[in-house]
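The values are calculated or read from the model by the stated rules, or taken from the named source; none is laboratory data. Given the structure is predicted, the values throughout are model-derived calculations rather than measurements. Note: ideal-geometry Cβ built from the backbone for every residue, glycine included; neighbour counts use all protein chains shown.
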Amino acid sequence: MTEENRVILPGDSAGLYDQDWKKTFDLTFLAGWAVALLILFTTTRSLQPALLSDGPFFLFGLTKLAIMMLMSFAGGLLCRHFCRIDEKGYIITNKDSAFKINYTRKLQHFAAYLVPLISVSASPGSKMHPFGALPHLWESLLVLLAFLLLIKPIRENSKIFMLQFNSLDRPEDRPNTLKWIVLGNILPGLVLCVIFKQLFEQILEPNLVFIIIFIVGIGDGLAEPVGIYLGKKKYLAPSWGLDRRYVRSYAGSACVYISGLIFTAMFFTDFNSISQFVVAMAILPVIMTLAEATAPHSMDTPLMMIIGFSVLYAICLFN
């Protein structure tokens, strides 16, 4: 079996961060974020100028950003407690390591999707969270800032940011960790959350978006540790843009199905009708499980989201 076609097991290192960062995704990410900031600022100034002077809104956004960074910092400390690091600070593991970065990484995913959707009053007597897509886009940009601070020239010169990077840097994703997590998970996930949040608000069922987020964040998150420790029956999943193959398990996929049942049931009162709830309980867990099982490695989150959101929205629209 060639290097390109080999099966990558959880904990295996698939590469090194030895390339000049200016020739990698890191520079593209930096430039893209700066352009997005300029476009969003210009658009907001034209369409919703009052938002730019809404101090409580941006303060709340920065607070949520700080919480995200604190969670990843704690995840990095956990990784270093169980794993060795090399001279630059990267985690060293192999397929036989008891602790895997897969565990802490999913927590960061969950926080990234949930944070922009949390909307409360900034202080007693203040205005509610600004309505519309632009506020959600600003919060999404702040979420991406948490990942932008982890590009190679920053993390390799800061122990704090390297610790945060440790919490999501699966060795089997190297050297594409940041590229895959941003382009393959966070960015499409954030865009889908913003779009479907607006759609579900229009049909007066805004809280239903959390069903998909919880299935992806918690159900799919538990699928990895359950699969690693309890998944005796395995199957192979393709990778994103490479000939490598990654291992998944039927036990892990079962976690997604069970979470689909649990989280759909939890939001029973947020459905507009009993028929919507019954159809969602019958269809959504199966659809989400199939999406997780067939998606390429590091692309399962956006695929699960677009299929889950679309199916759930169609159920609500036509029942």
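A few notes on this one:
- Residue within region 22-34 that is surrounded by 14 or more Cβ atoms within 10 Å (Cβ to Cβ), acidic (Asp, Glu) and modelled with pLDDT under 90 present: no
- Filtered residues of region 162-193 (kept if charged (D, E, K, R) and in contact with a strand residue (DSSP E or B) (Cβ under 6 Å, 6 or more places away or on another chain)): Glu172
- Residues in region 76-87 that are in contact with a helix residue (DSSP H, G or I) (Cβ under 8 Å, 6 or more places away or on another chain) and not β-branched (Val, Ile, Thr): 5 in all.
- Criterion violated by Ile306 - all others in (1) modelled with pLDDT of 80 or more; (2) crowded, with 19+ Cβ neighbours inside 10 Å; (3) of a type outside the set (S, T, N, Q) satisfied: (2)
- The requirement of being surrounded by 18 or more Cβ atoms within 10 Å (Cβ to Cβ) and either closer than 16 Å to Trp138 by Cβ or hydroxyl-bearing (Ser, Thr, Tyr) (or both) is fulfilled somewhere in region 78-94, by at least one residue.
- Of all residues making up region 287-311, the number that are closer than 15 Å to Ser259 by Cα, of a type in the set (A, V, I, L, M, F, W, C) and in contact (Cβ under 8 Å) with a residue 60 or more places away in the chain: 3
- Pick from region 240-264, criterion touching a strand residue (DSSP E or B) at 6+ places or on another chain (Cβ under 8 Å) and at pLDDT 70 or above, ranking: surrounded by the fewest Cβ atoms within 10 Å (Cβ to Cβ): Tyr250
- Ile306 more than 14 Å from Phe196 (Cβ to Cβ), in a helix (DSSP H, G or I) and not polar (S, T, N, Q): no
- One residue stands out in region 26-70 among those that are touching a residue at least 24 places away in the same chain (Cβ under 8 Å) and of a type in the set (S, T, N, Q): the one that is farthest from Thr177 (Cα to Cα), namely Gln48.
- Residue check, Phe147 crowded, with 18+ Cβ neighbours inside 10 Å, part of a helix (DSSP H, G or I) and not assigned by TED's automatic domain parsing to the domain that holds Leu114: no
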